[in-house]
Each structure stands twice: as C-alpha cells, then as structure tokens.
1. Of the residues Asp5, Asp63, Asp50, Asp19, which is of a type in the set (Asp, Glu) and in contact with a Gly (Cβ under 9 Å, 6 or more places away or on another chain)?
2. Here's a check for you: in segment 2-26, which residue that is hydrophobic (A, V, I, L, M, F, W, C) and surrounded by fewer than 16 Cβ atoms within 10 Å (Cβ to Cβ) is farthest from Tyr98 (Cα to Cα)?
3. Does segment 38-57 hold any residues that are surrounded by 17 or more Cβ atoms within 10 Å (Cβ to Cβ) and among the small types (Gly, Ala, Ser), and which are they?
4. Given Ser29, Ser86, which one is within 27 Å of Pro158 (Cβ to Cβ), touching an Asp or Glu at 6+ places or on another chain (Cβ under 9 Å), in contact (Cβ under 8 Å) with a residue 24 or more places away in the chain and surrounded by fewer than 20 Cβ atoms within 10 Å (Cβ to Cβ)?
5. For Val56, indicate whether it is touching a Phe, Trp or Tyr at 6+ places or on another chain (Cβ under 7 Å), β-branched (Val, Ile, Thr) and more than 20 Å from Asp5 (Cβ to Cβ).
6. So Glu49 fits all but one of (1) free of Cβ contacts under 8 Å to residues at least 60 places away in the same chain; (2) in a helix (DSSP H, G or I); (3) farther than 13 Å from Ser94 by Cα; what number is the exception?
7. Can you report the number of residues in segment 14-43 which are among the hydroxyl-bearing types (Ser, Thr, Tyr) and touching a helix residue (DSSP H, G or I) at 6+ places or on another chain (Cβ under 7 Å)?
8. Output the residues belonging to segment 74-103 that are within 18 Å of the chain's Cα centre (by Cα) and outside any helix (DSSP H, G or I).
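Just so you know, all these numbers are worked out from the coordinates, no wet-lab data involved. The model shown is predicted, which means the values in this text are computed figures rather than measured ones. Cβ sites come from the backbone with ideal geometry, for glycine too, and all protein chains shown count toward neighbours.
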Amino acid sequence: MATTDIASGSAAGFMSFMDFMVQKGYGTSGSISLLKSAAKQVFSVVEGEDFGGLDVRSFDIDDYLARFVNRSMGRYSADSLAAYRSRFRRAVESYRSYLADPNWKPAARSTNARGTTAPGAATNSKSSKSKKPVRSDQEVVPEALGQGLASVVTYPFPLKSGQMAQLHLPTRLDRTDAERLTAFIRALVFDQSRQLPPGDGEVQ
C-alpha cells in the first residue's frame with residue numbers, strides 16, 4: 001500500500017500510517033503489527049473485507065467498538081476482546097492525531113500510564129518501589145505504540161469448536177522450539193474415546 005494514501009483519512013490510509021510508524025522508528029515492527037492486526041480484525045468484522053474506503057476520521061470509537069463486540073459475540077474470549085478494543089482505540093487515536101498535525105510524534109513521557117518507565121527516563125529507588133505490578137492481561141505500551149510488546153506477535157487461531165485461540169509467539173521462532181510447542185499442544189488434547197465408561201476398569 002502506497003504511503004501517499006496516508007493523508008486520505010481512510011482505513012487504507014490508516015494501514016499505510018501503521019507502516020509509516022515503523023519506517024520512522026516510532027515503534028518496532030513487532031509492536032506496530034499488534035496494533036495493525038487488531039485494527040484490521042475490527043474493521044473486517046464490522047465492515048467486511050473491503051473496508052479500505054472507510055472514513056476513519058470521524059466515527060465514534062466507542063460506538064464502533066460496540067458494533068465489533070456485537071458482531072463477534074462468541075468468537076473471542078473476554079480478554080481477547082479487551083485487547084482488540086485497547087489496541088484499536090490506541091491506533092485510531094494516533095492516526096487522527098497525525099492527520100490533525102503531520103508533524104505529530106508519539107509523546108515522550110517519563111512514565112507511561114501503566115507505571116513503566118519510558119526509555120531514557122530518570123528513575124529513583126523510591127519511585128521504583130512504589131510501582132504497582134502490571135497485570136498479565138494488560139499490554140505494557142508507551143502512549144501510542146506499545147514497544148514493550150516488540151518481540152511478541154499475537155496470532156489468532158480458529159478452533160473447530162468455533163472458539164478463537166490466541167498464540168503469543170516471538171517474532172523469531174526457533175525450529176526446535178516450534179517442535180517442542182507442537183508436542184506440548186498435542187499433550188493437551190482431550191481424547192474422549194480413551195476415557196473409561198462408568199464402572200469399567202474397576203477391580204471387582
């Protein structure tokens with residue numbers, strides 16, 4: 001997608017903006033891909049696959065996300081929906097800020113909203129001890145981009161049951177680790193045919 005589409009204010013321009021952020025070094029490929037993937041998923045569910053012409057500049061984000069939740073009911077877990085909503089909101093707000101001011105950059109702050117110190121910021125032992133631990137269901141991100149997730153990518157995987165599994169994997173996966181992961185997943189399989197019927201196997 002050409003970068004000339006960025007200023008269009010469309011969903012296609014938004015996708016180019018995500019690539020532009022990586023090119024400018026405002027986020028790593030891994031962290032931006034999480035935001036871009038979440039936004040693409042939300043757009044696809046609400047608008048269908050041909051969402052490129054959608055005007056991203058003025059729709060109400062809360063209303064749009066409510067439509068996404070309604071249309072995807074039963075497809076994602078509550079944690080996955082929360083992640084999609086958070087990343088979509090962050091990405092769209094960043095794009096709108098850029099459209100309002102082409103010189104916009106993600107704000108550099110000493111600490112982010114999660115209480116994690118930003119790169120290069122000064123710290124002291126007192127403030128470090130007072131920080132609250134970050135919950136595992138909340139991604140650690142700077143104001144707009146999420147550099148804390150730089151090395152991990154989330155892959156949605158549809159199951160036969162209709163549920164959606166989420167695989168959180170590093171951007172570079174070693175073959176040995178992939179084989180170990182495959183063996184681990186196979187070990188989790190619940191095989192109903194191997195279960196003993198009631199009463200069988202008991203010592204008489």
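1. The unique qualifying residue is Asp5.
2. If we take residues in segment 2-26 being hydrophobic (A, V, I, L, M, F, W, C) and surrounded by fewer than 16 Cβ atoms within 10 Å (Cβ to Cβ), then Ala2 is farthest from Tyr98 (Cα to Cα).
3. Selection gives Ala38, Ala39.
4. From the options Ser29, Ser86, the qualifying one is Ser86.
5. no
6. Against the list (1) free of Cβ contacts under 8 Å to residues at least 60 places away in the same chain; (2) in a helix (DSSP H, G or I); (3) farther than 13 Å from Ser94 by Cα, Glu49 comes up short only on (2).
7. Within segment 14-43, residues that are among the hydroxyl-bearing types (Ser, Thr, Tyr) and touching a helix residue (DSSP H, G or I) at 6+ places or on another chain (Cβ under 7 Å) number 4.
8. Arg75, Tyr76, Ser77
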